[in-house]
Amino acid sequence: MPLDYRKLHVYDLAHQFVLDVYKATENFPESEQRNLTSQLRRAVVSIPLNIAEGSSRRSKKEFLQFLNYSFGSGKEIEVLLVLSKDLGFLTVKEFDDLSKQLDHVMSKLFLFIRSVEGRIPGTKYHYVNSVKRDSGER
């Protein structure tokens, strides 16, 4: 079952998102380097890492578990971005840009999860039930 994660579009999107979050957090206060900056960076890195690690697993079910870890990290990032904006570490524009990018990554990840779930007998849409979007998409 192992596949080449580097050929997955969702991996490319997640990789670019990591680079953009790292750039945005460069300007966070030094006092936050061990707190919010570190937590945000760890969470964002875990999305492509879990995609890559999961792709090496021997079964689709194991791969799905790692994709769901990635999805959970995305939800963590949502909260961390809001906190970063509310604390004044991100401008409204930076927040909006990163949030839109995260929504795009999460949408693609959600669709990929659904696709993998659909290829596992008896696992149809069990792990991730829905993604609520500001645009009303599900």
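List of remarks:
- Of the residues making up segment 45-64, none is among the small types (Gly, Ala, Ser) and more than 24 Å from residue 111 (Cα to Cα).
- Within segment 10-23, residues that are under 20 Å from residue 64 (Cβ atoms) sit with their Cβ atoms under 7 Å from residues that are buried (at least 17 other Cβ atoms within 10 Å of the Cβ) and of a type in the set (Lys, Arg), at 6+ positions apart or across chains, in these pairs: 10/108; 13/108.
- Looking across 42, 6, 57, 34, one residue alone is surrounded by fewer than 17 Cβ atoms within 10 Å (Cβ to Cβ) and within 14 Å of the chain's Cα centre (by Cα). It is 42.
- Checked across segment 70-84, the condition of being aromatic (Phe, Trp, Tyr) and either closer than 19 Å to residue 111 by Cα or assigned to a helix (DSSP H, G or I) (or both) holds for at least one residue.
Matching residues to (1) farther than 15 Å from residue 21 by Cβ; (2) in contact (Cβ under 8 Å) with a residue 40 or more places away in the chain; (3) of a type in the set (S, T, N, Q):
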residue	(1), (2), (3)
66	yes, no, no
78	no, no, no
81	no, yes, no
98	no, yes, no
102	no, yes, no
114	yes, no, no
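- Residue identified as over 26 Å from residue 121 (Cβ atoms) and at pLDDT below 95 among 34, 42: 34
- Condition check for residue 115: hydroxyl-bearing (Ser, Thr, Tyr) and under 20 Å from residue 64 (Cα atoms): yes
The values are calculated or read from the model by the stated rules, or taken from the named source; none is laboratory data. Not measured: the values here are computed from a predicted model. Counting neighbours? That spans all protein chains shown, and the Cβs are built from the backbone with ideal geometry, glycine included.
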